[in-house]
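Some notes on the structure that comes next.
The values are calculated or read from the model by the stated rules, or taken from the named source; none is laboratory data. On a predicted model such as this, the values are computed, not experimentally measured, just so you know. Don't worry about glycine lacking a Cβ; one is built from the backbone with ideal geometry, like all the others, and counts go over all protein chains shown.
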Amino acid sequence: MKHTKKIAFIVFGLLVSMLSLTAQEKPETEVLTEEQRQLMQEQRELIKANREAFKATLSEEQLAILENEELTRPERHNALALTFTEAQQAILTENRENVRTVREEFRASMTEEQRQQMRARRMHRIQDGNELRETVRERRRQRRINIGN
């Protein structure tokens, strides 16, 4: 019992120290130039405007499908997709293309150093998430063992 508490304490200490190290890194916006921040903001605004314009085209039947709590999210998505008109499908296709274009412009504006920094941050986030998941799994195992005894 004492041994598991020590291990849990050590793991917790490691996680806290890693989180503090990540917190000291520059946020992504400090890595980006003003032009790149502007591109990101434009992309967010474009996505938001496209989403609102698309929602305005939905019929009452389609809105009812979206609000149906009895369906799971994938079931709602599939049921809604079956009801799309050709115009709505065209809007979705155009929206995807617009987002893809803006994303490609953003990627083209990045330097190799910025790409490496973004990749490194992504990897740190993945590792942090994996460590957290493993800690949760270990705690659950310990609870099962303790309940069994």
Q.
Take the conditions surrounded by 14 or more Cβ atoms within 10 Å (Cβ to Cβ) and either out of contact with any helix residue (DSSP H, G or I) (no Cβ under 8 Å at 6 or more places or on another chain) or closer than 30 Å to Glu34 by Cβ (or both) and apply them to Asn98. Does it pass?
A. yes
Q.
Tell me yes or no: at least one residue of region 58-66 is more than 30 Å from Arg121 (Cβ to Cβ), more than 22 Å from the chain's Cα centre (by Cα) and in a loop (DSSP other than H, G, I, E, B).
A. yes
(Q) Looking at Ala108 and the list (1) farther than 30 Å from Thr57 by Cβ; (2) surrounded by 12 or more Cβ atoms within 10 Å (Cβ to Cβ); (3) among the aliphatic types (A, V, I, L, M), which single condition is not satisfied? (A) (2)
(Q) Could you list, ordered by first residue, the pairs with Cβ atoms under 8 Å in which the first is in region 74-100 and in contact (Cβ under 8 Å) with a residue 12 or more places away in the chain and the second is acidic (Asp, Glu), at least 6 apart or interchain? (A) Thr83/Glu61
Q. Is at least one residue of region 52-63 without any contact (Cβ under 8 Å) to a residue 40 or more places away in the chain and either touching a His at 6+ places or on another chain (Cβ under 9 Å) or closer than 30 Å to Glu35 by Cβ (or both)?
A. yes
Q) Is there a residue being of a type in the set (Ser, Thr, Tyr), modelled with pLDDT of 85 or more and either under 22 Å from the mean Cα position of the chain (by Cα) or assigned to a helix (DSSP H, G or I) (or both) anywhere in region 110-132? A) no
Q: Hey, could you check region 69-95 for residues that are of a type outside the set (Asp, Glu) and outside any helix (DSSP H, G or I) and say which is surrounded by the fewest Cβ atoms within 10 Å (Cβ to Cβ)?
A: Thr72
